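This report refers to the structure that appears directly beneath it.
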Amino acid sequence: MTLLDGILLAFLLICAISVSVTRNLLASIIILMSFSLVMSVIWLTLEAPDLAITEAAVGAGVTSLLFFATLKKIHAIKAEDAKGEEDDPDEE
């Protein structure tokens with residue numbers, strides 16, 4: 001095992017533990033996205049480029065976008081009201 005393999009495996013372990021401990025949904029999705037990206041790098045080091053491309057596209061790309069869309073739909077990510085937040089009625 002090379003140093004790079006050890007670092008990547010340690011990062012995967014840290015990501016897995018932090019996802020299980022984190023209570024913030026948005027942070028969990030970002031951690032899972034980074035987990036998928038590191039997993040695709042590991043597949044590249046194992047000389048499996050087809051699996052690496054699939055992991056990067058589906059694991060980090062499509063799945064993360066679907067999670068973000070779901071959080072937006074259930075209003076877990078609050079949309080900023082540009083007019084309400086920027087205008088202060090006391091300024092005039």
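Every number here is computed from the coordinates shown, using simple stated rules; none is lab data. On a predicted model such as this, the values are computed, not experimentally measured, just so you know. Neighbour counts are summed over all protein chains in view; Cβ atoms, including those assigned to glycine, are modelled from backbone coordinates with ideal geometry.
Within the range 1-27, being under 18 Å from Ser40 (Cβ atoms) and among the aliphatic types (A, V, I, L, M) holds for Leu4, Ile7, Leu8, Leu9, Ala10, Leu12, Leu13, Ile14, Ala16, Val19.
Do we have any residue at all in the range 33-46 that's outside any helix (DSSP H, G or I) and of a type outside the set (Lys, Arg)? Break it down stepwise before answering.
Filtering the range 33-46 for residues outside any helix (DSSP H, G or I) gives 46.
With of a type outside the set (Lys, Arg) added as a condition, the list becomes 46.
The answer is yes, given that some residue of the range 33-46 is outside any helix (DSSP H, G or I) and of a type outside the set (Lys, Arg).
Output yes when any residue across the range 5-18 is of a type in the set (Asp, Glu), loosely packed, with under 13 Cβ neighbours inside 10 Å and within 23 Å of Leu65 (Cβ to Cβ), and no when none is.
No, the conditions are met nowhere in the range 5-18.
Within the range 47-62, the residues that satisfy the criterion of being assigned to a helix (DSSP H, G or I) and over 20 Å from Ile14 (Cβ atoms) are Pro49, Asp50, Leu51, Ala52, Ile53, Thr54, Ala57, Val58, Gly61, Val62.
Could you list all residues from the range 35-59 that are of a type in the set (S, T, N, Q) and either surrounded by 17 or more Cβ atoms within 10 Å (Cβ to Cβ) or more than 28 Å from Lys72 (Cβ to Cβ) (or both)? If you could, list the steps in order and put the result at the bottom.
So the first thing to find is which residues in the range 35-59 are of a type in the set (S, T, N, Q), and the list is 36, 40, 45, 54.
Within the range 35-59, Ser36, Ser40, Thr45 qualify.
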